[in-house]
Amino acid sequence: MDSGPVRRRLWLAGLSALLAASLCQQAAAAPAEARAAVLLQLLHKDCGACHGLSLKGGLGSPLTPQALAGKPADSLVATILNGRPGTPMPPWRPFLSEEEAQWLVQLLQQGGAR
């Protein structure tokens, strides 16, 4: 019996619960568990394609808490949603809501996107 899918579901459920608990006092509400899983996959696979699979940098800058420290969350959200013209950073607005982008920024700034 392959325990991989079960282990993954348990990991995602635990991560979602941990994230929800740690972000409950924050401005952006955590998305539903299924959507959170999709957003985390988008972060690690799509964003990770440029920002590094470990989010420590690559073509794009690092997305670690240290690299994002002191950067205004609203500016980071705007970059995610609108991209950066003249750079490889595309706009993600067709795929994310503003609240979801806020959630991802909070997650990244707090180091919870592992």
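Any read-out appearing in this document is the output of simple, stated calculations on the displayed coordinates, not a laboratory observation. Worth saying up front: this structure is predicted, and the values here are computed from it rather than measured. All Cβ positions, even for glycine, are placed from backbone atoms using ideal geometry, and neighbour counts span all protein chains on display.
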### Message
At a 10 angstrom cut-off on C-beta neighbours, averaged per residue, how do the peptides 60-71, 33-44, 100-111, 82-93 rank from highest to lowest?
### Response
100-111, 33-44, 60-71, 82-93
### Task
Mind listing the long-range amide H neighbours of Lys56? Cut-off is under 5 Å, sequence gap 5 or more, other chains count too, H placed in the peptide plane at 1.01 Å from N.
Leu63
### Query
Amide H to amide H, which residues 5 or more places from Arg93 or on other chains are under 5 Å from it, using H placed in the peptide plane?
none
